Amino acid sequence: MENIRNENKEVKHLEERMTEYWGHRSESYSSQNMSQLFGKKKEVWENKIFSQIEEKKQMKILDIGTGPGFFAILCALRGHEVTAVDMSKDMIEKAKKNAHLAGAEIRFMEVGSRLPFDEASFDLIISRDVTWTLTEPEKQLSHWAMKLKPGGTMLYFDAEWYYYLRDENAKKQWEDRKEEIRRNGGYIYEKAVHLEAMAEKLPLTYVARPLWDSAYWKNQKDFSCRILENLNEEIYSPIEQIQYDTFPEFLVSVRRE
């Protein structure tokens, strides 16, 4: 019992540290995301999302870990009823401002790791670059998926952002690569070393993805899964491709039967 209590404290502390980090980073991260929203890649992201589903006239959509609201805004501008959640108050504030600027009506909520919604509430659940941060991924992904209506779909995009922590040679190669990115005009957030320290304690840092995701969903009753890999060339600008070329983005599409 004492071990469980200690583990729960560690998980809560880690989640609090990540929330604090993203609060500090909210300004720069918002600028990055909004350059995509108001740039040439907006339509690419939009098509990538809605080509995966049979889009109804108006859908109930949940954006988990909305950050500065990029996915939520895309969906709301198509006329859907969107709820967007994040653990960071600062990110939610940035998202509200971005939604207002874009003319999108969205319900934003600051929430913890537990989602305060009834089961089978949403037609579509979306998330971008969030799942790698999960402290208890099996439980949390199941918790997310149970919010889908039967026939609903969950789409989550992600990459192996800290794969190099599994291997000393890979870490050295990444340090060399950062210098190359800087020389080519890419963006390196210097305080990301703090997030790297947190990633060392996250379980999905140490598994091969999306192989892990495929195996996980195959074992979940009443859910089917398909995966798209190597999306960088489609979704990123030339500068972003330089920045993220060692982190191939993938999409996991989960359907509730």
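Candidate cross-link partners of K40 among the lysines, defined by an alpha-carbon separation under 28 Å and a same-chain spacing of 8 or more, comprise K48, K56, K57, K60, K94, K96, K97, K178. With the simple spin-label model, which puts each label point 7 Å out from Cα in the Cβ direction, the A208 to S224 separation comes to 2.6 nm.
For the chain, the longest stretch holding no trypsin sites (Lys or Arg not before Pro) located in a DSSP loop with at most 16 other Cβ atoms within 10 Å is which? The longest uninterrupted stretch comes out as 115-190. Residues whose amide H falls under 5 Å from that of F108, counting only those 5 or more places apart or on a different chain, are A84, with hydrogens built in the peptide plane. Note: relative contact order over the chain, using C-alpha pairs below 8 Å and six or more positions apart, is 18 percent.
With an a/c value of 1.5 or above and a/b not larger than b/c for the gyration tensor axes a ≥ b ≥ c computed over the alpha-carbon atoms, segment 64-170 is described as oblate. At an R0 of 30 angstrom, the distance between the Cβ atoms of K40 and E110 translates into a FRET efficiency of 0.40. Secondary structure note: in the chain, about 40% of the DSSP beta bridges are antiparallel.
Summing -39500 (n - 2.57) over the DSSP H runs of n ≥ 4 in the chain and dividing by its residue number, what mean residue ellipticity at 222 nm do you reach, to the nearest 500 deg cm²/dmol? Mean residue ellipticity at 222 nm (helix-derived): -14000 deg cm²/dmol.
Within the straight-line cut-off of under 16 Å between alpha carbons, none of the lysines are reachable from K172, sequence neighbours fewer than 8 places apart in one chain being disregarded. Summing +1 for each Lys or Arg and -1 for each Asp or Glu among the other residues whose beta-carbon sits under 11 angstrom from that of V44 gives 0.
Summarising the label geometry, the points placed 7 Å from Cα in the beta-carbon direction at S28 and N8 lie 3.6 nm from one another.
Placing dummy labels 7 Å off each Cα toward the beta-carbon, the span from N47 to Y187 is 2.4 nm.
Extension gain, K201-S253: 0.36 nm per intervening residue step, less the Cα-Cα distance, totals 16.1 nm. Segment 20-78 and segment 131-192 have Cα centres spaced 17 Å apart.
Under the combined filter of DSSP loop state and at most 14 neighbouring Cβ atoms within 10 Å, segment 161-257 retains these chymotrypsin sites (Phe, Trp or Tyr not before Pro): Y187, Y189. Subtracting the Cα-Cα distance of H194 and K96 from their residue separation scaled by 0.36 nm leaves 32.6 nm. The calculated FRET efficiency for the pair K149 and E179, based on their C-beta separation and a Förster distance of 35 Å, comes to about 0.15.
Read the figures in this text as sums done on the coordinates, not as results from a lab. Since we're looking at a predicted model, the values are computed, not measured. For neighbour counting, all protein chains shown are included, and Cβ atoms are generated from backbone atoms with ideal geometry for every residue, glycine included.
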